[in-house]
Amino acid sequence: MKSNKEIVSALKLLAQLMELHEGNAFKIKSISNAAFKLGKYAESLAEKSESELASIEGVGKSVASKITELCTTDKIAELESLKEITPAGLIEMLGIKGLGPKKIQIIWQQLNIDNIGELYYACTENRLVEAKGFGLKTQEEIKKLIEFTMMNKGSLLLSTALQTYDELKNTIDITAVGELARQCEIITRLEFIAPSAQKNNIVAELGKLENIQGDVNDNTFEGTLNLNTKISIYFVDEGQWHAQKFIKTSTAEHLNLLTNFDLEKTLNSNINSEEEIYKNIGISFIPAAMREGNREVDLAKENKIPELIQNEDLKGSLHNHSTWSDGIHSLEEMAMYCYEIGYTYLGICDHSQSAFYANGLKPERVLAQFKEIENLNAKNTNFHIFKGIESDILNDGELDYDEDILKQFDFVVASVHSNLKMDESKANARLIKAIENPYTTMLGHPTGRLLLARQGYPINHQLIIDACAANNVAIEINANPLRLDLDWRWIDYALQKGVLLSINPDAHKKEGYHDMKFGVMVAQKGGLSKEFCLNAWDKNKLSDYFKSKKK
Ligand SMILES: [Zn+2]
Ligand SMILES: [Zn+2]
């Protein structure tokens, strides 16, 4: 038998979908009013006859017949036919509290967005700001709502997981292990260790946190964050701290690669650091980020673990947007802030002319932007703005300007933004054509993936990286926490082929530069060191590189 709750939510969804499809306003109002009234109704609706239902205040004949239809046939035909013509992603969007059908209709019709992941991404690219009835504030609100919804699905973006970790550390003394300690791009389970001596205290504190539920068994707290994300806290005795941190952080594959060593003996001895574990078994230290079970143990045996890139190594930020295209801050504001937080150069890469939805630059606006860049560069000689562009890769693989414009940029980031649903061979051919263009300096977000939201287009990474190697084109590690694309799993191969990388925030507002830290984290997983990262080079070296590339 249908519960009142099920009946009410079916009516609500019916009203929402009718509104989304611009149905009869009077009918929509009567259904949603009835749903509202019935939400508070105490007696079982399923047990009432159609005429009894129709006599309930706020429920007319038409709604009563829908309820009876639902209770007898398990469906409301009108609702089913509306569902059929509505993309599944939009129905999911309707479930976000605070985002009504009116807004969703605009998002769908005006912005062409039909799922939550794309909507989230659109918020990070300021696409909502311009839409009717939206503004910066609404955009930020929607972003927060989606973050909360995503969290409710269990998996977290690295950025969200780190934020949660920071918040938890304010009240309890925990140390990250597992995926978080390995700096994985998606966290499916939050795992921490904590000193056994703190157990009672931590359990008491956890009890006060509304968003965490769970129990302690033996020496482990197992529970959920926001009802969905798995969270474990292992209580560890002092003498076992480093051994447990090492075990709980490494993947099973990594530990397997170490089975031939005297690992057990080491772990049972009195060790004072994780470094000591690797020292005792006679190989170089392997940083937590790399303990995935790839090539790291072989490298460590040969003493070839690279010195991993650090945030402090970055000298500037390439691939950023301003109000010239779809950014929130002006070019001057972007430059000033970049300088203030300690960088020495900025590569501005607004969108190119085909990206009409992002206010892409027509050739005359490119030239006008050059003028502004030259003026700003003259004003502050301690800081340099490179003239860049994020050129759309057109369907046929061409870049988005004629040669006379292309040759005037200091550097060109070539990215795919449109027509993502190509088959693999076409997608490869399109990218390779762009990579072979002599003006392409760097390939932007190679797959276009949006983590937890959209699969990237199917490219053959090996083929694309080989083409970059052959044409001396660098590859971006897009540091937007939703992208982290190039996938870190391909960094090692790129480096072996001699391909340079660049950790780019793709900032659409000045605070966006801070995303570079997520790029650094995944770059470390891939074994990147500063020598092979373009934006870890100083201004002159980079400038020479751009010039030599153009010859
Ligand atoms: Zn882009
Ligand atoms: Zn961009």
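The values are calculated or read from the model by the stated rules, or taken from the named source; none is laboratory data. From a predicted model like this one, the values you see are computed outputs, not experimental measurements. So basically every Cβ, Gly included, is an ideal-geometry build from the backbone, and we count neighbours across all protein chains shown. The area values use the complete protein model at the heavy-atom level, side chains included, leaving out ligands, DNA and RNA. Shrake-Rupley method; radii C 1.70, N 1.55, O 1.52, S 1.80 Å.
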Assuming R0 = 35 Å, what is the FRET efficiency of Asp423 and Ala252, from their Cβ-Cβ distance, to the nearest 0.05? 0.50
How far apart, in nm, are two points set 7 Å out from the Cα along the Cα-to-Cβ line at Asn280 and at Gln163? 4.0
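Where in segment 149-230 are there GluC sites (Glu not before Pro) that are in a DSSP coil and have at most 11 other Cβ atoms within 10 angstrom of their Cβ?
Glu210
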Count the lysine pairs in segment 219-375 whose Cα atoms sit under 25 Å apart, keeping only pairs 8 or more residues apart in sequence or on different chains. 17
Return the aspartates and glutamates within reach of Lys102: Cα separation strictly under 12 angstrom, same-chain partners fewer than 8 residues apart disregarded; answer none if there are no such residues. Glu19, Glu22
On a straight-distance basis, which lysines could pair with Lys40 in a cross-link, Cα separation under 18 angstrom, same-chain partners fewer than 8 positions away excluded? Lys2, Lys5, Lys12, Lys29, Lys48
Treating cross-link reach as a plain straight distance, find the aspartates and glutamates whose alpha-carbon is under 17 Å from the alpha-carbon of Lys137, omitting any fewer than eight places away in the same chain. Glu125, Glu147, Asp326, Glu511
Going by the alpha-carbon gyration tensor, a ≥ b ≥ c the square roots of its eigenvalues, is segment 492-547 rounded (a/c under 1.5) or, if a/c is not under 1.5, prolate (a/b greater than b/c) versus oblate? oblate
Report Thr73's accessible area, 1.4 Å probe, all protein chains in place, as a number in Å² to the nearest 10. 80
Write out the chymotrypsin sites (Phe, Trp or Tyr not before Pro) in segment 392-422 meeting two conditions: DSSP loop, and at most 11 other Cβ atoms within 10 Å of their Cβ. none
Give me the one-decimal nm value for the distance between modelled label points at Lys153 and Asn395, 7 Å along each residue's Cα-to-Cβ direction. 3.0
Per the C-alpha gyration tensor (a ≥ b ≥ c, the square roots of its eigenvalues), segment 456-551 is rounded if a/c is under 1.5, else prolate if a/b beats b/c, else oblate; here it's oblate
With every protein chain kept in place and a 1.4 Å probe, the residues Val412, Val203 fall, from largest accessible area down, as Val203, Val412
Just check the chain against the gyration tensor rule for me: Cα atoms, a ≥ b ≥ c as the square roots of the eigenvalues, rounded for a/c under 1.5, and otherwise prolate or oblate depending on whether a/b exceeds b/c. oblate
Please compute the modelled spin-label separation between Glu332 and Met1, points set 7 Å along Cα→Cβ, answer in nm with one decimal. 7.2
Average Cα contact separation per residue, segment 309-365, under 8 Å, 6 or more apart, as relative contact order %: 37
Per-residue accessible area, 1.4 Å probe, largest first, puts Asp218, Asp506, Asp423 in the order Asp218, Asp423, Asp506
If you keep only loop residues by DSSP, which GluC sites (Glu not before Pro) in segment 250-326 have at most 16 other Cβ atoms within 10 Å of their Cβ? Glu302, Glu307
